[in-house]
Structure formats: structure tokens, C-alpha cells
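Below is one structure, written out as C-alpha cells, with a few remarks after it.
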Amino acid sequence: MARLEIITYPNPLLNEKAAPVEKFDDKLSQFIDDMVQTMYEGNGIGLAAPQVSVLKRLIVVDVSPEQKSPMHFVNPEIIESSGRVKFEEGCLSVPDYRDTVTRAAQITVRAKDRSGKTFELQADGLLAKVTATADFAALKDCQLVIEAVFENREVKAEATKKAEAALPADA
């Protein structure tokens, strides 16, 4: 397995929309494994392919306390959601920043596994939050996740200043 590079705000790829995965093969399976390793090494509980510069509709998630139960969702779609709950949220593409956001309390998701087989999952609590809201939004437009993390304008201003300071002088 290889660790992938997680891109960070304000990388313009985070504004792009992800395309559906069409080919289910060994290369996809290896990429899923690499994403899981990257998520674990980044101390995350969810990671979307666009966050590692691959504009495909794919996420990996592990909300288990021991981080030994990774799940993956290829071409996921939320088919039902209900309730609202507040969570403290962060994003691996916006390191060092967290904020409280409102998310769906329960969801039903339809996706494919690494072999292309369709499945449905009902989730609530942290799994619903990570699987269906923050990371699924990243598949459509990572900027939605970033804006959710940055509901607090002061946090966004501080992160923007930090990101701009990290850019090379000739950028």
C-alpha cells in the first residue's frame, strides 16, 4: 500500500466535481486500500478521492474506535435522510480547524463495493455524519465541506491567511 498526498485548502481541485467510477478492477481495489492507509495515517475517519487529487466518486470511512473496520463507498448516493444533529467537524483537507455543524441524524446510502456490487446501508450518529454528509459532499464539491467547516468566518479567515502564507513566494 502507498500513502497518498492529501491536498489542502485552497487547492483549486477541491472546487471540482467528481465523476462516477466506471471501471471496477485491481487498480481500483488497490486505490481503495491506499486511501484507507492514507486516512489512517492522517488520523481521519473519512476520506474522499478528490482529497487525494482523484476526481472520482469514492470515499473510505472508519468510525470504529480501534480503526480496524474500514468501509468504502463507490458512486455513493444518499437515498434518504432524516433528523438533524450537531457535530464538531473537521476535514483532512483543512488541517487544524474544527467547527460545529448541523448534519443529518440518519441516512440511507446506496453505493457499490470494490467489485461493482450495489448495496444499501442505513446509518446514524457519527457513521451517518461522516459517510453521508461531509464526505459525500466532498464527492460533489469539496468546497461544500470546506464551507461547512468554515461556518465560523473567523476560522475561515485564519485558515486562508495560514494557507496563503504557506504558498511559495513566486506562486
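The values are calculated or read from the model by the stated rules, or taken from the named source; none is laboratory data. These numbers were taken from a predicted model, which means no experiment stands behind them. Neighbour counts are summed over all protein chains in view; Cβ atoms, including those assigned to glycine, are modelled from backbone coordinates with ideal geometry. Areas reflect the complete protein model, heavy atoms only, side chains present, ligands, DNA and RNA absent. Shrake-Rupley method; radii C 1.70, N 1.55, O 1.52, S 1.80 Å.
Numerical summary
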read-out	value
Residue match in region 52-61 (condition: closer than 20 Å to L127 by Cα and in contact with a Lys or Arg (Cβ under 9 Å, 6 or more places away or on another chain))	yes
Failed item in (1) assigned to a strand (DSSP E or B); (2) exposed (fewer than 14 other Cβ atoms within 10 Å of the Cβ); (3) of a type in the set (S, T, Y), with T108 passing the rest	(2)
Residue match in region 17-27 (condition: modelled with pLDDT under 95 and under 14 Å from the mean Cα position of the chain (by Cα))	yes
Any pair with Cβ under 9 angstrom, 6 or more apart, that starts in region 82-108 at a residue that is without any contact (Cβ under 8 Å) to a residue 60 or more places away in the chain and on the phi > 0 side of the Ramachandran plot and ends at one that is in a strand (DSSP E or B) and open to solvent by less than 20 Å² (accessible area, probe 1.4 Å)	G83/A104; G83/A105
Matching option when the condition is aliphatic (A, V, I, L, M) and modelled with pLDDT under 90, among V74, V101, V61	V101
Output for region 23-50, where each listed residue is outside any helix (DSSP H, G or I) and touching a strand residue (DSSP E or B) at 6+ places or on another chain (Cβ under 9 Å)	F24, G42, G44, I45, G46, L47, A48
Subset tally (residues that are surrounded by fewer than 19 Cβ atoms within 10 Å (Cβ to Cβ), in a strand (DSSP E or B) and touching a helix residue (DSSP H, G or I) at 6+ places or on another chain (Cβ under 6 Å)) for region 58-86	1
